[in-house]
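Below: one structure, written as structure tokens.
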Amino acid sequence: MVKSVILAAGRGTRMKSDTPKVLHKIFNQTLLGYVIDAVNGTDIAEENYVIVGHQSEKVEEYLNENYINTKTVLQSPQLGTGHAVSMVSPYLNDYTGEVIILCGDTPLITSDTLKTFINAHKSMNSDITVMSAVFDNPSNYGRIIRNTDGTINSIIEEKDADTEQKKVKEINAGIYCLNWNKVKNAFNQLKTNNAQSEYYLTDIIEWGRQNGLNVNAHILERNEEIFGINSKHNLAEAVKIMNSRTLDKLMNDGITIVDPSTTWIDPQTEIGKDTVIYPSCYIEGKNTIGSNCKIGPFAHLRGEVILDDYVKIGNYVEVKKAHIKSHTNACHLTYIGDSEIGENVNIGAGTITANYNPLNKTKSKTIIGDNVKIGSNSVLVAPVEIKEGANVGALSIITKNVQEWSLAITRAPMKIFEGWVKKKNGK
């Protein structure tokens, strides 16, 4: 088992936002959440320590609501990454296992990569292992400086690098694995003799070498995984990368994505084989979509949606927090929220489940039984139940439960006034 330290104290000024950088979202998950999920997904993470600083209350509230194996540690004042890790030392005083250190703004890192990294650290009997990557354009990254025999010497931040060091293409990926018992003393001995006058985490590499420890670098295979978020431009690019990764996996699993360039699917969504996703769909949050479904074009699933097999969600249909059973169709211009819908149901165009009461700000449920037919432009005012086999006439507003195999209709009788237009025109 290992423990993790996740750095999440920075201001993120280039985000130009009142929201802490690590709480910005890709789909329905925060940047910090993706990092914690990746660590927890290794199945060897015993405990996570998140270093907080800027707007720490918001970050701590988010973590308390969403994670049970995570603790926050305040860094104030913020004197650099090495200083941030030193804040955890009192909590790990008697700990003798491995500690992995990550950044809370790298949401593309995966559990598989972290497991490979930790295993490499152990296989080398390493005391300090830094994850590195090779970039053709290494600008803005700290450089991995190696000795002539290939062993790692130090990490030099770009602001402190000389002309020759800046030519090095192997960079620091910002993830470390430490034998904590051997390395913990480093954080009491770091110096601030650098351009930023800060305690650099990167200096533990040189400290380890000088103290006779086994120091190594493990080269990352997929550079995109350490893509850091420092601006809204970075955020948009990360969304594209994550979405492309998700769509590739789905297509490899037998799902048809008609136009990947206009389709957006949250990685938390599960989809069964032979389902077809038509262009311009946006599927966010955690959803389960069965096999042989058809979604879109221009459909929006907003989370907590369960679609059984052979369900059709068509043009401009929005679904949220609903369970729709097999062979049910909602094909056109419809909103389905907070609902349970049975099998072999047809939802006519323009139907709305009116689930929200703005006076008391509560949401209620709509229940539709098997074999129900809902006519076009109907409004189902929750809480309401349309029982098995019932029909609702077009243009109806349903405010009461409808019994089995009944017809419910609320529209007024049609009236025709012959010659009305000519009379109005004086003809």
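Structure notes:
- Test result for TYR316, within 16 Å of ASN329 (Cβ to Cβ), in contact (Cβ under 8 Å) with a residue 12 or more places away in the chain and touching a Pro at 6+ places or on another chain (Cβ under 8 Å): no
- Any hit, segment 394-402, residues being farther than 22 Å from GLY303 by Cα, touching a residue at least 40 places away in the same chain (Cβ under 8 Å) and not basic (Lys, Arg): yes
- Close pairs from segment 31-55: first hydroxyl-bearing (Ser, Thr, Tyr), partner surrounded by fewer than 19 Cβ atoms within 10 Å (Cβ to Cβ), Cβ under 6 Å, at least 6 apart: THR42/SER111; THR42/LYS115; TYR49/LYS71
- When ALA120 is tested against (1) aliphatic (A, V, I, L, M); (2) at pLDDT 95 or above; (3) open to solvent by less than 10 Å² (accessible area, probe 1.4 Å), exactly one condition is not met: (3).
- Selection count where residues are open to solvent by less than 60 Å² (accessible area, probe 1.4 Å) and basic (Lys, Arg), scope segment 135-153: 1
- Scanning segment 357-368 for residues that are surrounded by fewer than 21 Cβ atoms within 10 Å (Cβ to Cβ) and either in contact (Cβ under 8 Å) with a residue 12 or more places away in the chain or over 28 Å from the mean Cα position of the chain (by Cα) (or both) yields a total of 8.
So that you can scan it fast, the table gives a plain yes or no per residue for (1) at pLDDT 95 or above; (2) open to solvent by 20 Å² or more (accessible area, probe 1.4 Å); (3) among the polar types (S, T, N, Q):
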residue: GLY290; (1), (2), (3): yes, no, no
residue: LYS312; (1), (2), (3): yes, yes, no
residue: ALA330; (1), (2), (3): yes, no, no
residue: ASP338; (1), (2), (3): yes, no, no
residue: ILE341; (1), (2), (3): yes, no, no
residue: THR353; (1), (2), (3): yes, no, yes
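- Qualifying residue in segment 11-22 (condition: touching a helix residue (DSSP H, G or I) at 6+ places or on another chain (Cβ under 6 Å), among the small types (Gly, Ala, Ser) and within 24 Å of TYR199 (Cβ to Cβ)): yes
- Taken as a whole, the structure places GLY296 among residues that are in contact with a Cys (Cβ under 7 Å, 6 or more places away or on another chain) and either without any contact (Cβ under 8 Å) to a residue 60 or more places away in the chain or open to solvent by 60 Å² or more (accessible area, probe 1.4 Å) (or both).
- Output for segment 221-244, where each listed residue is in a helix (DSSP H, G or I) and either over 25 Å from ASN172 (Cβ atoms) or in contact (Cβ under 8 Å) with a residue 24 or more places away in the chain (or both): ASN223, GLU224, GLU225, ILE226, LYS232, LEU235, ALA238, VAL239, ILE241, MET242, ASN243, SER244
- Residues located in segment 179-227, provided they are closer than 22 Å to ILE109 by Cα and open to solvent by 70 Å² or more (accessible area, probe 1.4 Å): ILE219, GLU221, ARG222, GLU224
- Positions within segment 145-167 being over 33 Å from the mean Cα position of the chain (by Cα) and aliphatic (A, V, I, L, M), in sequence order: ILE145, ILE152, ALA161
- Any hit, segment 337-350, residues being among the hydroxyl-bearing types (Ser, Thr, Tyr) and over 31 Å from the mean Cα position of the chain (by Cα): no
- Each residue in segment 386-424 was checked for being within 15 Å of SER339 (Cα to Cα), assigned to a strand (DSSP E or B) and open to solvent by 60 Å² or more (accessible area, probe 1.4 Å), and 0 of them qualify.
- Sole residue being of a type in the set (Gly, Ala, Ser) and touching a Gly at 6+ places or on another chain (Cβ under 8 Å), chosen from GLY389, GLY426, GLY350: GLY389
- Screening the candidates ILE155, ILE128, ILE118 for the property of being touching a Leu at 6+ places or on another chain (Cβ under 7 Å) and over 24 Å from SER231 (Cα atoms) yields one hit, ILE128.
- Of all residues in segment 286-304, those being assigned to a strand (DSSP E or B) and within 21 Å of the chain's Cα centre (by Cα) number 4.
- Scope segment 94-107; condition in contact with a helix residue (DSSP H, G or I) (Cβ under 8 Å, 6 or more places away or on another chain) and assigned to a loop (DSSP other than H, G, I, E, B); matching residues: TYR95, THR96, GLY97, GLY104, ASP105, THR106, PRO107
- Residue ranges of strands (runs of 3 or more DSSP E) in segment 1-93 with at least 3 members at positive phi and of a type outside the set (Lys, Arg): none
- Scanning segment 89-105 for residues that are at pLDDT 95 or above and either of a type in the set (Val, Ile, Thr) or closer than 24 Å to LEU23 by Cα (or both) gives VAL99, ILE100, ILE101, LEU102, CYS103, GLY104, ASP105.
The values are calculated or read from the model by the stated rules, or taken from the named source; none is laboratory data. Quick caveat: nothing in here was measured; it's all calculated off a predicted structure. All Cβ positions, glycine included, derive from the backbone under ideal geometry; neighbour counts span all protein chains shown. The area values use the complete protein model at the heavy-atom level, side chains included, leaving out ligands, DNA and RNA. Shrake-Rupley method; radii C 1.70, N 1.55, O 1.52, S 1.80 Å.
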